[in-house]
1. Could you check the range A:165-198 and list, in sequence order, the residues that are surrounded by 22 or more Cβ atoms within 10 Å (Cβ to Cβ) and away from chain B (no Cβ under 12 Å)?
2. Considering only residues that are in a loop (DSSP other than H, G, I, E, B) and closer than 14 Å to B:Pro166 by Cβ, look in the range B:253-281 and name the one that is farthest from the ligand (Cβ to nearest atom).
3. Looking at (1) open to solvent by 60 Å² or more (accessible area, probe 1.4 Å); (2) of a type outside the set (Asp, Glu); (3) more than 20 Å from A:Lys138 (Cα to Cα); (4) in a loop (DSSP other than H, G, I, E, B), which is the only condition A:Arg36 fails?
4. Looking for something within 16 Å of the ligand (Cβ to nearest atom), over 17 Å from A:Val161 (Cβ atoms), in contact (Cβ under 8 Å) with a residue 40 or more places away in the chain and among the charged types (D, E, K, R) - is there at least one such residue anywhere in the range A:48-58?
5. Please enumerate the residues belonging to the range B:225-281 that are within 17 Å of B:Val213 (Cα to Cα) and of a type in the set (S, T, N, Q).
6. Can you name the condition, by its number, that B:Leu68 falls short on among (1) touching a strand residue (DSSP E or B) at 6+ places or on another chain (Cβ under 9 Å); (2) open to solvent by 20 Å² or more (accessible area, probe 1.4 Å); (3) more than 16 Å from the ligand (Cβ to nearest atom)?
7. Could you grab me the full set of residues in the range B:107-138 that are without any contact (Cβ under 8 Å) to a residue 24 or more places away in the chain and farther than 13 Å from B:Cys54 by Cα?
8. Can you tell me which of (1) free of Cβ contacts under 8 Å to residues at least 40 places away in the same chain; (2) within 11 Å of the chain's Cα centre (by Cα); (3) within 21 Å of A:Val34 (Cα to Cα) is the one A:His154 doesn't meet?
Amino acid sequence: MSLFSRTARERDPRLPPGQYDAGDTFPVLTAEVVPRIDPSQWSFRIDGLVATTRTWTWDDVHRLPASVYEGDIHCVTTWSKLGTSFGGVSLDTLLAEAGPLPTATHVVAWSSTGYTTNLPLEHVTGGKAWVVWEHEGKPLTTPHGGPVRLLVPHLYFWKSVKWVGGLRLLDHDEPGFWETRGYHELGDPWTEQRYDGD
Amino acid sequence: MTEPTATGQTGQADLPPLPTLGGLPPLPTLGPVGRRPPPGGARREWVTATVEACTEETAHARTLRLRLPDGTPAHTPGQHYVVRVRRDDGSWAQRSYSVASAPALPPAPPTVDLTVERLDDGELSPYLHSLHVGDRVELRGPFGGWFVWRGERPVLLVGGGSGVVPLASVLRAWQQRGRPGGDGAMHLVVSVRSPADLFYAAELTGSPDVTVVHTRTAPDGAARPPGRLTVDDLRPYVPAAPDALTVYVCGSAAFAEGATGLVVGAGVPASAVRVEAFGPS
Ligand SMILES: Cc1cc2nc3c(=O)[nH]c(=O)nc-3n(C[C@H](O)[C@H](O)[C@H](O)COP(=O)(O)OP(=O)(O)OC[C@H]3O[C@@H](n4cnc5c(N)ncnc54)[C@H](O)[C@@H]3O)c2cc1C
C-alpha cells in the first residue's frame, strides 16, 4: 500500500528526505519546563578555548550589526518550515570578539535550563549560525526559545538551542542532551542523520 | 526481575560531568547524565511489523498492536517508534508514535501497542486508521532517552488527550512489576474533554492509580465540575517533600506549557519535570 501524495505537483526541492511541509504552522517541541527569562536578565557568554571570555547583555547584542536568516528549518520529528526568517546577529560577529584559539575544534551550546548540544566549530562559523531574537519580524516567543535562541538552520532544529545562554569552545567533541539520548552526533537533514548511527 | 531495556539506550552509565577548562564554571546540566554513543553509533534499522489487533479507543483514536520481528528488544516505557509509509511519488512519509503498552517481556513475543489519533486532514494518521489485521507496516525504534521511565519513584504522570499514550506505558510497566513502592508511588492524572475522549477507558476509569479530569463534560454524578486542570487536581499527588518526585508531562504544546506551570506551582523543582509535547500547538 502506498500513500497518495497530497498534491499532484513535484515534491518541493527544499524538503530534505523524509520531511514534510508544515505550511504556516510552527510546531513546538520541548523537553523541559519553559523558562521565563527577562531580557534585562539575559546574557550570552562565549568561553573555553578563546583568547578572551566574552559576555554580552541584551543591549550589547542589539548594538552589533544585525543579521537576518531567510530560508528553511527542519525538525527531526519530520516537519520542515519553508521560507521563514529569523533576525539577530551572526555568530561570526560574536566569535570574532572572543577570538577562538587554534586548538578549538568543537563547541557546546547551552541553555540556562541545562539543555546542551554539541557542534563542530566549522558548522557554526562562516555564516552558518546566528543568535536570534526575532522570528518573521516579531519578537521570538518564549515557547520558541525567546528571548534569544541559537539558530543553526542547516542542521536539525534540536541543535538550535532555545533560551541560549552561551557557547563553550573545546578541543574535542562533547555530546549534548539529545546526543547522549539516542540522537545523531551532527544531525544533517540532507543525509537524514536523525538517530545515533544514521 | 531484570529491567526491560532497549539495547544501547539504557544504562545510566556514570559518565564524568562535562570537563571544566582551566577553572571555568561547570555548564548547567539537565537530568541524569546520558549515555555516550558507542563508536560508530548503534543504528536502529527499519523493520516490518504485522498488525495483530486493532482496538477503537474513541471515535477518533485506535490502538494498533504490532508484532515485531523475533528478537526485537523491548522498549523502555515512554519511548516512541517512527512509522514510515511510501508515497506514490516514491518519497517517504514518517511520523513518531509513542508506545502505549508495557514492555513485552520474553517469552512473550515482541509486540508494541501504538495509539493513533486520526487527524482528518493529516497525512499518516488516516492511513494508519485504514489498516487491518494482517497488514504490514514499516517502523524503526524504539527511540527516546529522556521521556522514559527506568524505575524512578515516586512519579506523577500528567497527560492531556493523546498525551496519555506514553504515560500509559509507564503506568502499565509499573503495574506489571507489581506496583513497586505501593499506593501513591505512581499516579496518573489525565485530562480529557469528555468521558468519550478517554483512551483505555475501561482500564483507567476507577483505577486507584488514576485521576481523570474532564474539561468540558463530566460524567453524571462526578464530584468535580468540568473545567481546566488546576493545581488542586495535582496537589494530592505531590509529596510534602517534592524533591524526590519525577514528573512526566505529555500533551499538546499548549497543554504541556499549562500543566508544567501547575506542577512547578505545586512546589516541584523544574529540574524534576520531563516534558514531551506533540499534537496541535
Ligand atoms: C515523540 C512523538 C510521539 C508521538 N506520539 C503520538 C501518539 O502516541 N499518538 C498520536 O496520535 N500521535 C503521536 N505523535 C504525533 C504524530 O507523530 C503525528 O504528528 C500525528 O499523528 C499527525 O500526523 P499526520 O500525518 O496524520 O498529520 P500531518 O500530515 O502531520 O498533519 C498534522 C496537521 O498539520 C496540518 N498540515 C500538515 N501538513 C500540511 C500541509 N502541507 N498543508 C496544510 N496543512 C498541513 C494538517 O492540517 C494536520 O491537521 C507523536 C509525535 C512525536 C514527535
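The values are calculated or read from the model by the stated rules, or taken from the named source; none is laboratory data. The model shown is predicted, which means the values in this text are computed figures rather than measured ones. Neighbour counts run over all protein chains shown; Cβ positions are idealised from the backbone, glycine included. What goes into the accessible areas is simple: the full protein's heavy atoms, side chains included, and nothing from ligands, DNA or RNA. Shrake-Rupley method; radii C 1.70, N 1.55, O 1.52, S 1.80 Å.
1. Hits for the range A:165-198 are A:Gly187, A:Pro189.
2. Selected residue: B:Gly279.
3. (3)
4. Checked the range A:48-58: no residue is within 16 Å of the ligand (Cβ to nearest atom), over 17 Å from A:Val161 (Cβ atoms), in contact (Cβ under 8 Å) with a residue 40 or more places away in the chain and among the charged types (D, E, K, R).
5. Hits for the range B:225-281 are B:Thr230, B:Ser252, B:Thr260.
6. So B:Leu68 meets the others, but not (2).
7. Passing the criteria: B:Pro107, B:Ala108, B:Leu119, B:Asp120, B:Asp121, B:Gly122, B:Pro126.
8. It fails just one condition, (3).
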